[in-house]
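Heads up: the structure comes next, in structure tokens.
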2 protein chains.
Amino acid sequence: MKIVAAKKILKMNDQLAAENHAALEAAGVFALNVVGSPGAGKTTLLEALFAQLKGRLRPGVIEGDIAGSIDAERMETIGVPVVQINTDGACHLDAHMVAAAGKELDLREIDLLAIENVGNLVCTSGFDLGEHLRIVVLSTSEGDDKAVKYPAIFQGSQALVITKIDLLPYLNFDAQRITADVKRLAPEAAVFQVSAVRGDGIAEVADWLAEKCGRRAR
Amino acid sequence: MKIVAAKKILKMNDQLAAENHAALEAAGVFALNVVGSPGAGKTTLLEALFAQLKGRLRPGVIEGDIAGSIDAERMETIGVPVVQINTDGACHLDAHMVAAAGKELDLREIDLLAIENVGNLVCTSGFDLGEHLRIVVLSTSEGDDKAVKYPAIFQGSQALVITKIDLLPYLNFDAQRITADVKRLAPEAAVFQVSAVRGDGIAEVADWLAEKCGRRAR
């Protein structure tokens, strides 16, 4: 009989994440773990960033979803190399899934690999995928109290991208409040406010990513 | 050494959920399991429903959150008996947590017990709490593709409440699409469209709840 403790699984994940990271480094690929609630606007943000980064960085995507391939189809439409992972019920990606998906991509053609995690503000926080940066995407319509309710995901992330700021006139959302809460949890985190449909703030996020990506390449 | 398999834990949960259900029945309490993404508008919906049901049903609430007590404080403000569960990282409530929280409420003073689950469209789907009805709350700003991406939570629910319809003019959200997708997964599910801030549709959900609650009491 084999017994595998949860702690050991997490340790195995960390080892595999380190291997993923080394493989990405060797291939010269900079990887993002993009997390957020269902419908926070992760895919729409990536579409806008890739358009902004055209000619600067060659994108690739790993899409994580419980079921379906809607997001991967959107990426194919804009000509971005993409692999869809269906987790079949699992509430987050892990390093093993990403390793398998990565084999389906030609990493020589990719500078910036966005790994779009399952829409989940809780379970995604515990699993390193081997990425260089983790980015939380939070939409204005989700409310400004989310850092208090879901601290772990913000604590381990390098940036907060507040999406859908075009909806601000119709919502009771205090960007200063969530920014202060996130800065308490992650003092080094960059905070951006964007509207992917209107284009606000996309250039700032794109420049920040290009700079992070370039600094590592030096 | 004790080994507890995941299947056995789920079975234990189901047994405890059945005990919760029997205890609720004995006390004449009708219980809702309210699930949805972070920021879908679960608490705001409950506030609006309780105002609408004033004089008809006496409400009580169990609030489930990873951390904090923001939602419980909101319920206290409107004078509703409430117990806050902090799951301390766990991504969903289970029957055991609800049993413990229920002991902190005087069930003789409650007709309708709303159990507001952790904001999570994935993990909450696997755990029966002993409720009479499970209701998925989905905001228009989350997008109309959620039933395809997160089928399990819709499949096991008795109603879909689409919130924030006041934002429809500013979004690309097709209510017919999500309704058709949900009806495929759960043909018997009731579907409502509401704006809790504006009041649209709240009476319909309240009447439906009162009717479900009354029918069981007969």
Here the relative contact order (percent) of segment A:6-217, from C-alpha pairs under 8 Å and at least 6 apart, is 26
Taking neighbour Cβ counts within 10 Å as the exposure measure, how do A:ILE153, A:ILE78 sort from fewest upward? A:ILE78, A:ILE153
Within chain B, which DSSP H helices have Cα atoms that stretch 27 Å or more along the helix axis and a mean Kyte-Doolittle hydropathy of at least -0.5? B:6-27
Taking A:LYS103 in one copy and the same position in all the others, each labelled 7 Å out along Cα→Cβ, what are the pairwise distances from the first, in nm, shortest first? 5.0
Residue-normalised 222 nm signal for the protein assembly as shown, counting each DSSP H run of n ≥ 4 as -39,500 (n - 2.57), nearest 500 deg cm²/dmol, is -11500 deg cm²/dmol
When the Cα centres of segment A:77-115 and segment A:8-71 are compared, how far apart do they sit, in Å? 7
When N is the residue count of the protein assembly as shown, what does its C-alpha Rg come to as a fraction of 2.2 N^0.38 Å? 0.99
Sites matching GluC sites (Glu not before Pro) across segment A:156-218 that sit in DSSP coil, with at most 16 neighbouring C-beta atoms within 10 Å: A:GLU188
Nearest 20 debye, what's the magnitude of the dipole of the protein assembly as shown about its Cα centre given +1 on Lys and Arg Cβ and -1 on Asp and Glu Cβ? 600
Between B:ILE78 and the same site in the other copies, what are the distances in nm, shortest first, taking label points 7 Å from Cα along the C-beta direction? 3.9
Rounded to a whole number, what is D in µm²/s for segment A:71-145 from Stokes-Einstein with the Kirkwood radius over alpha-carbon pairs (25 °C, 0.890 mPa s)? 176
Taking a spot 7 Å from the Cα of B:LYS183 along the direction of its beta carbon, which residues of segment B:116-145 have an amide N less than 20 Å from it? B:135-140, B:143-145
Could you list the residues of segment B:57-98 with an amide nitrogen less than 17 Å from a label point located 7 Å from the Cα of B:ALA26 in the Cα-to-C-beta direction? B:96, B:98
To make sure I understand, if each residue's beta carbon is the centre and we count other beta carbons within 10 Å, what order do B:SER141, B:SER69, A:SER125 fall in, fewest to most? B:SER69, A:SER125, B:SER141
The protein assembly as shown - Cys residues lacking any other Cys C-beta under 4.7 Å: A:CYS213, B:CYS213
Which ³J(HN,Hα) values in Hz, rounded to whole numbers, follow from the phi angles of segment A:146-162 under the Karplus curve 6.51 cos²θ - 1.76 cosθ + 1.60, where θ = phi - 60° and Gly and Pro get x? 6, 5, 5, 7, 10, x, 4, 5, 6, 4, x, 10, 9, 7, 10, 10, 7
Ranked on Cβ counts within 10 Å of their own Cβ, fewest leading, A:LYS164, B:LYS212, B:LYS7 go B:LYS7, B:LYS212, A:LYS164
What pairs from B:LYS103/B:LYS164; A:LYS11/B:LYS146; A:LYS149/B:LYS164; A:LYS212/B:LYS149; B:LYS7/B:LYS183; B:LYS149/B:LYS212 go past 23 Å between their alpha carbons? B:LYS103/B:LYS164; A:LYS11/B:LYS146; A:LYS212/B:LYS149; B:LYS7/B:LYS183; B:LYS149/B:LYS212
What does the charge count around A:LEU10 come to, taking other residues whose C-beta lies under 13 Å from its C-beta (Lys +1, Arg +1, Asp -1, Glu -1)? 0
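FYI, it's all coordinate maths here, none of it is from the lab. The model shown is predicted, which means the values in this text are computed figures rather than measured ones. Reconstructed Cβ throughout: ideal geometry from the backbone, glycine too, with neighbour counts over all protein chains shown.
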